[in-house]
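We did not get these values from a lab; they are worked out from the coordinates using the rules stated. Quantities reported herein were computed from a predicted structural model and do not represent experimental measurements. Cβ coordinates were reconstructed from backbone atoms using ideal geometry, including for glycine residues, and neighbour counts include every protein chain displayed.
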Amino acid sequence: MAISDADLAARRGLPVELVETLRRTRGTTNESLARAPEGVLRRAIRRLSVPDAPRARLLQQLRKSRDDEGRVPADALGRAVRQCRTLRARDTRAPREVAGVPVLGAVTPLALVGAAAGLSAQRWQWLGPGNIGGRTRAIVVHPQEPQRMLAASAAGGVWFSANGGARWDPVDDFMANLAVSCLALDPQNPNLVYAGTGEGFGNIDALRGGGIFRIVGAASWQLITATKDFGAVNRIAVSRNAKVVLAATPGGLMRSADAARATWASVLPSGVADVKCHPRLSTRAIAGGLTDGRAWYSTSRGKTWKPAAHDGAWSGRIELAYARKNPNVVYASVQGTAGGLWRSTDGGKHYRQCAALGSDGKPAPFLGDQGWYGNVVWADDPTDENLLLVGGVNLWRSTDGGATLREISTWWDDASAHADHHAIVSHPGYDGTTNRCVFFGNDGGVYKADDLNAVGREAEPPFVRGWTELNNNYGVTQFYGGAVHAGSGRVVGGAQDNGTLAFAPNAGSEHWNSWFGGDGGWCASDPSDPQVFYGEYVYLNIHRNSDGAATSDTQGERYISGQFWDATRNDWAWKPVPFQIPDARTQDALFIAPFVLDTKRSQRLLAGGLSVWETNDAKAPNTPTSGPRWRAIKPGTGKLVTAIGISPADSDVVWVGHEDGAVFRTTNGTSGAPAWQRCDHIGTKPLAPRRYCTRLVPHPTDARWAYATFGGFAGDNVWVTRDGGATWAALGATLPAAPVHTLAIHPQRPSWLYVGTEVGLFASEDGGATWSPTNEGPANVSADELFWAGQTLYCATHGRGMYRIDLA
């Protein structure tokens, strides 16, 4: 029996209007909300204050990529990767190891034919997670050999499985662009695969793409040169006869009809989210708009397009699907407010709205509030044109052509498919009767339903029956930060959309656990106590764990930045000053904001929003009315804080960087009123960049010495001062022109430096005068955080999980 808003409000002690908002934004049902654990419900309510989180993530990435004029040059990432290749291919007589890290030399990718055996890493050890996954926007399955599969990660490249997902390996760790958003097989030659790079669904993320690649022979990816300026490719479609390739981009629909794919023409001028070629006729195709609520059809092999007609109002992103049994039937998933479903019976020329009613008799909010981000529709059953799936936050199924929808996955249960769906692909043998196997790509990686008819058939949520998680060595987790306790070896990391995770040193890559949900960010480990770790949720909401990151926060009780659950109001509230960080309360901080622990004073944390906030009792008991006390030690400049560095040699010396490149230093940071001196654009040898300061790393023994790193696709992203900021020198002459996210100094050899960039890891033995790229371990992927346990270097990547290397 359906649960009304009023009934659910009474059961959970919530206002009726809040129930309706939760159901709509989470794209779910009252039945699912009624059975959600208390902690899940609290997090869902917390999320209402940070809507459109994926857009905020993309905006922060954009900030880090802009140059001094606020621009991201065309093909910037592609040029940086080509610089890397040139460095690796230089004089083979050069040392094969720099600062203990293997460097230079050619890289051999994994062959798609034969056994899977990823790149050989002799020194670097990949730690995982192999059981968590990450944002997966495409899956393809070989039609004749269905055990062979490819999956595309938004930041971790293309992965191959030779055994139906029982194990995955990277196709090419050093592919020229690992931000892969779509895949397509050539229908006439399934060994030919196209891969489109760069995500365009956020409408601002046109910076990470490097065009379209295709596999050549059995082992290597080659860029289709004519597409190198495609900033993002949302979908690729290949005509049935394989003569035409269509690419949906934020700038419009592109078409190529020559075998070499040397020429491309724009055939639709506005942004396109989706394009599909007719499954039988090479002359026909359909396309859906990215933001304008439009759809088109072509009967001329994609040369010319006409707008589709429809009843009702359309808005936002449009996803389309041909019905395999009868391709005259086309379904459209329309972003709208919380999702709308339309059906065409003439091949996509005209659409009529489906009722799409949920179990309560009301239109089902199947896309939630993220239809612009997670939106997919499937109608690939060869026996039934009325069977379809739609996915947003959760998955929904219709057996009557869209008249009704039933939820078949539950975002809050780990045994169900993960939330935020991007791809639905049938097994090649799917026949609707003896084989009903379907694969799903979402923000949690790759999942499978062995029997689509049986999955989600429970009488009530959670819908966990029949789901299989296939993240077996699929190492594409997107970390923002990490930390390790040197004594216990316990590693923690904050991941995009997969929470704050932990790894026991002897557990193995398949056994990471979550100790805080939502988006993770920066992390810290108390060096004096192996049980205490710190992490954060978005906008500087810092949380504390006191059991060695062994258990997850289920009630939202671990925030130490001021938030707490008010049981009398059944809502989130804030503690009084000084037990809160005001910038966290007002969201005057980066989406992923910096905070650091003073290694000499383990109760001292510094956190950056508009101001810099300090607590000296970070381990104080946490109650609804008390906790760590916070105070502002640096006033705001109007620009957000992006980097904080506390000198290991002197806790009074603190460095602070901002999003506009401004850098400040104090030499009395532990006093009641620290005095700050600006260190950029002063003197005869100034710190010159006027862009996002990513890190400030003080020297381990000399408090006057520090390194500053910057974002932007520029060539001067590493700087050093040896006199407290009075003069500076640029060190990045031999680095690619790409953002530098992090820097580490060898604890025993201070002239040995390591930087993590947007295109991988680089090492120097001469204090940064020259740099060499690694040729194993961390790939051509964003290396976001470097940190130490003794002389073991850890690298948290944004797309390939976590690595470490022993440099003793």
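Rg/Rh, computed from the Cα trace of segment 685-761 with Rh as the Kirkwood radius, has the value 0.94.
For an R0 of 45 angstrom, estimate the FRET efficiency from the Cβ-Cβ distance between Thr770 and Val50 and round to the nearest 0.05. Provide the component values of the computation, followed by the final result.
Numbers: r = 43 Å, r/R0 = 0.96.
Plugging the Cβ-Cβ distance into 1/(1 + (r/R0)^6) gives 0.55.
Judged by the ratio a/c of the largest to the smallest principal axis of the C-alpha gyration tensor, segment 247-348 counts as oblate, that ratio being 1.5 or greater while a/b is no larger than b/c.
Here the Karplus relation 6.51 cos²θ - 1.76 cosθ + 1.60, evaluated at θ = phi - 60°, turns the backbone of segment 128-136 into coupling constants of x, x, x, 10, 9, x, x, 4, 10 Hz, with x for every Gly and Pro. Electrostatic tally near Ile224: other residues with Cβ closer than 10 Å to its Cβ, Lys and Arg +1, Asp and Glu -1, net +3. Summing Lys and Arg as +1 and Asp and Glu as -1 over all other residues whose Cβ lies under 13 Å from the Cβ of Ser409 gives a net charge of -1.
Positive end of the charge dipole of segment 628-763 (Lys, Arg +1 and Asp, Glu -1 on Cβ, about the Cα centre): tell me which of Thr694, Asn717, Ala643 has its Cα farthest that way. Toward the positive end, the furthest listed residue is Ala643.
Given Lys325/Lys362; Lys303/Lys349; Lys64/Lys639; Lys276/Lys349, which pairs have Cα atoms separated by over 18 Å? In this structure, Lys325/Lys362 lie more than 18 Å apart at Cα.
Which of the three applies to the chain, rounded, prolate or oblate, going by the alpha-carbon gyration tensor with a ≥ b ≥ c and a/c under 1.5 meaning rounded? Because a/c hits 1.5 or more and a/b fails to exceed b/c, the chain counts as oblate. Rounded to the nearest 20, the size of the Cβ-charge dipole of segment 535-675 about its Cα centre is 280 debye, with Lys and Arg at +1 and Asp and Glu at -1.
As a proxy for reagent exposure, Cys182, Cys437, Cys795 were ordered by neighbouring Cβ count within 10 angstrom, fewest first; the result is Cys437, Cys182, Cys795.
A DSSP coil position with no more than 15 other Cβ atoms inside 10 Å describes the following trypsin sites (Lys or Arg not before Pro) in segment 272-320: Arg280, Lys303. Site pair Gln144 and Thr586 shows an inter-label distance of 6.6 nm when each label is modelled 7 Å from Cα along Cα→Cβ. With θ taken as phi - 60° and the Karplus curve 6.51 cos²θ - 1.76 cosθ + 1.60 applied, the whole-hertz 3J(HN,Hα) list for segment 762-771 is 10, 10, 9, 9, 10, x, x, 5, 9, 9 Hz, x standing for glycine and proline. Shown in residue order for segment 693-705 are the 3J(HN,Hα) couplings computed by the Karplus curve 6.51 cos²θ - 1.76 cosθ + 1.60 at θ = phi - 60°: 7, 8, 8, 10, 10, x, 5, x, 10, 10, 5, 8, 10 Hz (x for Gly and Pro). Please label the shape of segment 513-661 as rounded, prolate or oblate, based on the square roots a ≥ b ≥ c of the eigenvalues of the alpha-carbon gyration tensor (a/c under 1.5 means rounded; beyond that, a/b larger than b/c means prolate, else oblate). Here segment 513-661 falls in the oblate category. For trypsin sites (Lys or Arg not before Pro), the sites in segment 523-585 that DSSP calls loop and that have at most 12 other Cβ atoms within 10 Å are Arg569.
Built from the Cα atoms of segment 429-548, the convex hull projects on average onto 9.6 nm², one quarter of its surface area. Using the alpha carbons alone, the radius of gyration of segment 285-333 stands to its Kirkwood radius in an Rg to Rh ratio of 0.96. Taking amide H positions as modeled 1.01 Å from N, with prolines and chain starts lacking one, the residues under 5 Å from Gly481 and 5 or more places away or on another chain are Gly494.
Comparing Gly361, Val19, Ala423 along the charge dipole axis of the chain, the residue lying farthest to the positive side is Ala423, per the Cβ-charge model. Using C-alpha pairs below 8 Å separated by at least 6 residues, the relative contact order for the chain is 12 percent. Computed over the chain, the per-residue total of -39500 (n - 2.57) for DSSP H runs of n ≥ 4 gives a 222 nm mean residue ellipticity of -2500 deg cm²/dmol, rounded to 500. A simple charge model with +1 on the Cβ of Lys and Arg, -1 on the Cβ of Asp and Glu and nothing else charged puts the dipole of segment 473-551 at about 80 debye relative to its Cα centre. Taken about its Cα centre, the chain carries a charge dipole of about 1460 debye when Lys and Arg each add +1 at the Cβ and Asp and Glu each add -1 at the Cβ.
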